[in-house]
Amino acid sequence: MRLFAGRMLAAVVTAVCAMTATATAASATSPTQVWVTITGVDVGTCPQVSPCRTVSYAMRQLAIDGIVRIGPGRFQENVVVSGARWISIIGSGTLATVLDGRAAGRVIEHPGLGGQLSLSDLAVTNGLATSDRYSDPSGGGIRSDGVLSLTRVWVAFNAATHRGGGIDSTGEITLVDSVVTVNSARTGGGGISTHKASIRRSAITENRQLGTGGFGGGGILAWPGQLTIDDSTVSGNTAEGSYGSAILATGGPVLLTHATVAGNRGRPALVSFNNALGMQASVFAGNAGGSCVLIGVVDPEHPGLEFTVSDDGTCGRPVPREQMGLLPLAQQGMTLSHALSEGSVLRNAIAVEHPLCDGVDQHGTPRRGPGVVFCDIGAYQSVPGTPDDVVAPSIDRVASVVPVVARD
């Protein structure tokens, strides 16, 4: 009996070693970078000299981790990035490379717990998540359970019948120099639904939470983790549900620095159920349902609201809207923001020695410079800086089909 058990154990060990050797050999022969172009062919391992046609095929040729490089063009695909992999998908320009879901499902699905997915220099559009396709119809554009980062990415014209019309993340998400615009969801998070998010130099605009039975969060639904927004604009979003036309934060801390929250429609713009606030040098103006409902915060000039102003006095120091001088939402460089008129009281409002004048604004303009004595409140810095030498994208180029979420 012992001899039989010993032989069985030896057989198992031999089989495992053989499988490991096969996997190692496959990884050794698989590329760590693959290329995709609009004229490519899905044959071989997608080297730069012989690119493939689709992102899905190219990704299957990679070793466990790797980089997918995509040329210019519109690629109509529904991409799944599975497993605990570290994958980077790099386009040829924010709107030069467009991943188009054709309203046939999510554009990108990232179910890999423990994995990391990085997207840069591309657009994600025409994704649709519905209950007839998915058990959890969240994340019309992108659905991620791992670590997700977007750099110079536009997510536009996507929809979901549950949460996160543009993006639904149950892991951790980072947005830098990106735009989430004209997306919709029924339950919450018309633009983004997230468990933990860091948003920098980005714009969340014109997203919608549809239906009075939903939670809200026209722009962003944050639950239950921390939401951090720096040098960014949240504008023109709509919530028909209970809370938060711009932002609904149901659990974790809300940390805003140099944010502009303006022109949102429906419920109060920011609804936070956590009194761990850190909203500094931010502006709330022209929000149809009011600026803020801060559950647990009695004093609207809470110590965590340093240099923050609102036109109705519900968060930060009250300042009349007409004195703020916010210009209409417009494209500045790669993203969208509200510039400040020459007479705005938000200009030259913070002494330049203050740490809040460190760094740059939403568009990369330094908040400090020669001869500058003060910096501005909000995402936009009026002090002239050196403009980025880039060709700005146009939203009209993103999508030819706009998926619509049914209300019933």
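The values are calculated or read from the model by the stated rules, or taken from the named source; none is laboratory data. Every value quoted in this text rests on a predicted model; they were computed, and no experiment measured them. Cβ: placed from backbone, ideal geometry, glycine included. Neighbour counts: every protein chain shown.
Checked against the criteria, Thr212 does not count as part of a strand (DSSP E or B), polar (S, T, N, Q) and either within 22 Å of Ala156 (Cα to Cα) or more than 13 Å from the chain's Cα centre (by Cα) (or both).
When Ala203, Ala159, Ala185 are checked against the criterion of being touching a Lys or Arg at 6+ places or on another chain (Cβ under 8 Å), surrounded by 24 or more Cβ atoms within 10 Å (Cβ to Cβ) and not charged (D, E, K, R), Ala185 stands alone in meeting it.
Of Pro47, Pro51, Pro72, which residue is more than 24 Å from Ala129 (Cβ to Cβ), modelled with pLDDT of 95 or more and surrounded by 19 or more Cβ atoms within 10 Å (Cβ to Cβ)? So the residue among Pro47, Pro51, Pro72 that is more than 24 Å from Ala129 (Cβ to Cβ), modelled with pLDDT of 95 or more and surrounded by 19 or more Cβ atoms within 10 Å (Cβ to Cβ) is Pro51.
If you filter segment 82-96 down to residues that are surrounded by fewer than 24 Cβ atoms within 10 Å (Cβ to Cβ) and touching a Leu at 6+ places or on another chain (Cβ under 7 Å), you find that the one that is modelled with the highest pLDDT is Ile87.
Summed over segment 47-62, the residues that are of a type outside the set (S, T, N, Q), part of a loop (DSSP other than H, G, I, E, B) and under 14 Å from Ile89 (Cα atoms) give a count of 1. Pairing each residue of segment 49-63 that is over 18 Å from Leu122 (Cβ atoms) with any residue that is in a strand (DSSP E or B), provided the two are 6+ apart or on different chains, yields C-beta distances under 8 Å for Gln61/Val34; Gln61/Cys52. Checked against (1) free of Cβ contacts under 8 Å to residues at least 40 places away in the same chain; (2) within 17 Å of Ser291 (Cβ to Cβ); (3) surrounded by fewer than 24 Cβ atoms within 10 Å (Cβ to Cβ), Ile229 passes all but condition (3).
Here is a yes/no grid of residues against (1) in contact with a His (Cβ under 7 Å, 6 or more places away or on another chain); (2) under 24 Å from Val155 (Cα atoms); (3) touching a residue at least 40 places away in the same chain (Cβ under 8 Å); (4) surrounded by 15 or more Cβ atoms within 10 Å (Cβ to Cβ):
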{"residue": "Val309", "(1), (2), (3), (4)": "no, no, yes, yes"}
{"residue": "Thr314", "(1), (2), (3), (4)": "no, no, yes, yes"}
{"residue": "Leu326", "(1), (2), (3), (4)": "yes, no, yes, yes"}
{"residue": "Leu346", "(1), (2), (3), (4)": "no, no, yes, yes"}
{"residue": "Glu353", "(1), (2), (3), (4)": "no, no, no, no"}
{"residue": "Gly359", "(1), (2), (3), (4)": "no, no, yes, yes"}
{"residue": "Gly364", "(1), (2), (3), (4)": "no, yes, yes, yes"}
{"residue": "Gly378", "(1), (2), (3), (4)": "yes, yes, yes, yes"}
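In segment 304-317, the residue that is nearest to Ala351 (Cα to Cα) out of those that are in contact with a Pro (Cβ under 8 Å, 6 or more places away or on another chain) and not in a loop (DSSP other than H, G, I, E, B) is Val309. Listed by first and then second residue, the pairs linking a residue in segment 237-260 that is on the phi > 0 side of the Ramachandran plot to a residue that is among the acidic types (Asp, Glu) and modelled with pLDDT of 95 or more, with Cβ atoms under 8 Å apart and 6 or more places separating them unless they lie on different chains, are His258/Asp230; His258/Asp231; His258/Asp361.
Of the set (1) surrounded by 15 or more Cβ atoms within 10 Å (Cβ to Cβ); (2) of a type in the set (A, V, I, L, M, F, W, C); (3) out of contact with any Phe, Trp or Tyr (no Cβ under 8 Å at 6 or more places or on another chain); (4) under 16 Å from Ser144 (Cβ atoms), all apply to Leu99 but (3).
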